[in-house]
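The values are calculated or read from the model by the stated rules, or taken from the named source; none is laboratory data. It should be emphasised that the depicted structure is a prediction, and the values quoted were computed from it without experimental measurement. Cβ: placed from backbone, ideal geometry, glycine included. Neighbour counts: every protein chain shown.
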Amino acid sequence: MSDIIVNRLMEAFDRAAEAAFRRSAQAIGRRSALGAIGKLLVGGAVLPVLPFDRSGRALAADAPKAEAAYTDCDYWRYCALDGFLCSCCGGSVSACPPGAEPSKVTWVGTCHNPKDGKNYLVSYNDCCGKTTCGRCLCNGNVGERPGYRMGIHNDINWCMANTQSMYHCTVSVLVGVADGK
Ligand code: ABN
């Protein structure tokens, strides 16, 4: 296509577009544009005083603490935990700190949650592969039995079955409801 034909086509497009814009400007008009702006302004002034449901804020204030924040031995899930709390060692209630891995074997205790009145099975996995954490030592013994019954004794290094058997800290993982109450 020669340059002249391309230029003519472009001019034709320009004219068509300009005509379309002019037609729509006349149809919509300055008044209706002002009206739309006015509605936006009024809406912006009225909306903030409308009654909003702010209950979410109250619920957030009552929300459970972040898992890492449970650093006291008397937290209900620690009722049968014998060891260092992973939540004091860079992990959380149920997660090992970076660089440590959960034990392949564990002991499962039963703890009572005072908030809902139910009993829960809690798996106390040791976290393995780092030197002993040494912070927040707890010695919960609810439901524990002497060492000759190994499966229900908590004073054991459960890292024994891991490749890295060094004990670092212990997590409390909820396994399920114990009695369906
Ligand atoms: N299960 C916690 C633990 C680890 C090493 C030694 C005793 C108890």
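When only residues in the stretch 126-153 that are modelled with pLDDT of 95 or more and among the hydroxyl-bearing types (Ser, Thr, Tyr) count, which is nearest to the ligand (Cβ to nearest atom)? Filtering the stretch 126-153 for residues that are modelled with pLDDT of 95 or more and among the hydroxyl-bearing types (Ser, Thr, Tyr), the one nearest to the ligand (Cβ to nearest atom) comes out as Thr132. Within the stretch 154-168, being aliphatic (A, V, I, L, M) and either near the ligand (Cβ under 6 Å from one of its atoms) or within 31 Å of the chain's Cα centre (by Cα) (or both) holds for Ile156, Ala161, Met166. Exactly one residue out of Ser172, Ser165 is at pLDDT 95 or above and within 17 Å of Tyr70 (Cβ to Cβ), and it is Ser172. Summed over the stretch 64-96, the residues that are in a loop (DSSP other than H, G, I, E, B) and within 15 Å of the ligand (Cβ to nearest atom) give a count of 7.
Would you check which residues across the stretch 118-168 are in a loop (DSSP other than H, G, I, E, B), touching a His at 6+ places or on another chain (Cβ under 9 Å) and of a type in the set (D, E, K, R) and list them?
Step one: of the stretch 118-168, the residues in a loop (DSSP other than H, G, I, E, B) are 129-136, 140-149, 153-157, 162-166.
Imposing the further condition that a residue be touching a His at 6+ places or on another chain (Cβ under 9 Å) reduces the set to 129-133, 142, 144-147.
The answer is Lys130, Glu144, Arg145.
One residue stands out among those in the stretch 105-114 that are assigned to a loop (DSSP other than H, G, I, E, B) and at pLDDT below 95: the one that is surrounded by the fewest Cβ atoms within 10 Å (Cβ to Cβ), which is Val105.
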